[in-house]
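Worksheet: the structure to be examined is printed underneath.
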Amino acid sequence: MAKLTAKQEMFCLEYLKDLNATQAAVRSGYSEKTARAIGTENLAKPAISEYIAKLQKERSERLEIDADWVLKEAARCFSVNSKSKLNESGDEVLINSNAAKGFLELIGKHVNVKAFEESITMQATVKKSLNDLYE
């Protein structure tokens, strides 16, 4: 792997925080005016993309997060968020499953789970299938 400059290495570390190349460029010292172009350019460089992949792999191993963990958490969060609860007035309301979906998509991106690259549509029928996995 080619040697990265200090600024490129900082870009990689900053990119892992939110997977936003433009913001990573700004936080690592590039000009705000050119940050978008620099971010895109940096991600296209093989040495930078290899280093980011290496850092993601190390973090996933350190945290013991893999595709199985993400899918188990997805099932658990979906189950919790698709139930109903009582609001202050005593009315039954559904817990928001969209929040869990967005959070888990973010986790999936961070651990490079390919299943999260495509749009996920949660439907009520999925609940039964997910619950069957844990019986």
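The values are calculated or read from the model by the stated rules, or taken from the named source; none is laboratory data. Just so it is clear, the structure is predicted and the values come from calculations on it, not from any experiment. So basically every Cβ, Gly included, is an ideal-geometry build from the backbone, and we count neighbours across all protein chains shown.
Looking only at the range 56-71, which residues are part of a loop (DSSP other than H, G, I, E, B) and out of contact with any Lys or Arg (no Cβ under 9 Å at 6 or more places or on another chain)?
Step one: of the range 56-71, the residues part of a loop (DSSP other than H, G, I, E, B) are 64-66.
Selection gives GLU64, ASP66.
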Practice prompt. Within the range 1-16, count every residue that is in contact (Cβ under 8 Å) with a residue 60 or more places away in the chain and in a loop (DSSP other than H, G, I, E, B).
Written response: 0
Worksheet item: Restricting attention to the range 72-90, and to residues there that are of a type outside the set (Ser, Thr, Tyr) and assigned to a loop (DSSP other than H, G, I, E, B), which single residue is modelled with the highest pLDDT?
Response: GLU88
Discussion item. Suppose we keep only residues that are part of a helix (DSSP H, G or I) and farther than 17 Å from THR5 by Cα within the range 17-39. Which one would you say is nearest to the chain's Cα centre (by Cα)?
Written reply: ASP18
Discussion item. Please count how many residues of the range 40-55 are in a loop (DSSP other than H, G, I, E, B) and hydrophobic (A, V, I, L, M, F, W, C).
Written reply: 0
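Return the total of residues in the range 1-36 being small (Gly, Ala, Ser) and surrounded by 14 or more Cβ atoms within 10 Å (Cβ to Cβ). Write out each step before concluding.
Initial filter on the range 1-36 (small (Gly, Ala, Ser)): 2, 6, 21, 24-25, 28-29, 31, 35.
So of that shortlist, the ones also surrounded by 14 or more Cβ atoms within 10 Å (Cβ to Cβ) come out as 21, 24-25, 28, 35.
Counting residues in the range 1-36 that are small (Gly, Ala, Ser) and surrounded by 14 or more Cβ atoms within 10 Å (Cβ to Cβ) gives 5.
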